[in-house]
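Here the structure comes first, spelled out in structure tokens, and everything after it is commentary.
The values are calculated or read from the model by the stated rules, or taken from the named source; none is laboratory data. From a predicted model like this one, the values you see are computed outputs, not experimental measurements. Virtual Cβ from ideal backbone geometry, glycine too; neighbours counted across all protein chains shown. SASA here: full protein model, heavy atoms, side chains in, ligands and nucleic acids out. Shrake-Rupley method; radii C 1.70, N 1.55, O 1.52, S 1.80 Å.
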Amino acid sequence: MPLAWRVTATVVASAGFAAVWVHRFVLQAMFWRIEPASTGIWVSLGTAGVALLGPLLVYLWLTRRQLRAPATFQRDGAAFVAPGSPVLPGFLAIALMSQAANTFPFDRVPGTDRIGLPTDPVLQGFIALPALMVLAALALLWLPGAGLRLTPAGVTVRNVFRTHDIRWDDLLPGGPHPGRWTVRLLHRGPDGVARSRRIAVFRLHVNTVFLTTVLRHYAERPEHRADIGTQTELDRLGTGFQQWKVQPAVRGGRPFQPPVTPA
């Protein structure tokens, strides 16, 4: 997830937390004074809905162009990189931050119409829950996320806590195997035993069909691996995918195949 999107999602999530906090600890007490009471309840519910859903809608608008994953990679030295998508982590972080503010325990200040934190030690202990939700939201945004790196040597699959390197020659024939949310890579481990590694494509900012076909292409065509990381090779992959998309009859008969650049 690029730094700019991490910062953007953090700002929107913090604004969502503040909006729900203000509704819960400031506005809600004001709505209690509205007569009739049913009107105050509806106003309170409407304001709460805006505070909870508003930040999510704002982030949806900001990421509207990120919803369609591109059929390309980013170049990083002698490598192609599929970066993490800003959409899902951002939405989850914003939802967690808003719910964190919404789960803060509160109590009416004795003798007033104001709302404050509870004085009961048992209720105060529940403050740990929203604190954990805030930490989880920040972890989603700032811990290393999912990523994929293609080099002439092989594939690097990065998860939150571990990174796995798989050589092209170790990939087993017929793969990768795409699913709805993940792509499964079958490969030989150091001991020669077949193993499976899943790529969380729903967290990556790359077209799934494009990714899986390119992986199979390099597994089966070792003569093209040396060009990984070059602009010429990236253009070749993109051209092949665009040609495949505009030929429905061909697309129904065979999978996308990158064109071979004449020597």
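Comparing Pro121, Pro222, Pro89 in a Gaussian network model of the chain where C-alpha atoms under 10 Å apart are linked, the largest mean-square fluctuation is found at Pro121. Only helices reaching 24 angstrom along their own axis (Cα) with mean Kyte-Doolittle hydropathy no lower than -0.5 count here, and for the DSSP H runs of the chain these are 3-22, 37-62.
Which of Arg184, Arg68, Arg33 moves the most in a Gaussian network model of the chain with Cα springs under 10 Å? Checking each option, the largest mean-square fluctuation is seen for Arg33.
Quick one: grab the alpha carbon gyration tensor of the range 51-90, order the square roots of its eigenvalues as a ≥ b ≥ c, and give me rounded if a/c is under 1.5, else prolate or oblate depending on whether a/b is larger than b/c. The shape class here is prolate. Seen through its C-alpha gyration tensor, with square-root eigenvalues sorted a ≥ b ≥ c, the range 187-237 comes out oblate because a/c lies at 1.5 or above while a/b is not bigger than b/c. In this view, the solvent-accessible surface of Val209, computed with a 1.4 Å probe and all protein chains in place, comes to about 70 Å². The heavy atoms of Val193 present about 80 square angstrom of accessible area, all protein chains included, probe 1.4 Å.
Around Pro83, with a cut-off of 12 angstrom between Cβ atoms, what is the net charge of the other residues, counting Lys and Arg +1 and Asp and Glu -1? Local charge sum for Pro83: +4. Among Ala226, Ala146, Ala13, the largest mean-square fluctuation in a Gaussian network model of the chain, built with springs joining Cα atoms closer than 10 Å, belongs to Ala226. Within the shell of other residues whose beta carbon sits under 15 angstrom from the beta carbon of His224, the net charge comes to -2, with Lys and Arg scored +1 and Asp and Glu -1. Taking every DSSP helix (H) stretch of at least 4 residues in the chain, weighting each as -39,500 (n - 2.57) and dividing the sum by the residue count yields a mean residue ellipticity at 222 nm of -14500 deg cm²/dmol.
Plainly put, the chain has a radius of gyration that is 1.15 times its Kirkwood radius, both from alpha-carbon atoms, as the Rg/Rh ratio.
By accessible area, using a 1.4 Å probe on protein heavy atoms only, the chain has 63% of its surface on carbon and sulfur.
Given their separation in residues at 0.36 nm each and the Cα-Cα distance between them, Leu3 and Val58 gain 17.9 nm when the chain is fully extended.
Ordering Val183, Ser85, Trp244 by Cα displacement along the dipole of the chain toward the positive end leaves Trp244 in first place; charges were set at the Cβ atoms of Lys, Arg (+1) and Asp, Glu (-1). Relative contact order of the chain: 19 percent, from C-alpha pairs under 8 Å at least 6 residues apart in sequence.
Per residue, the chain exposes an accessible area of 55 Å² to a 1.4 Å probe, with every protein chain left in place.
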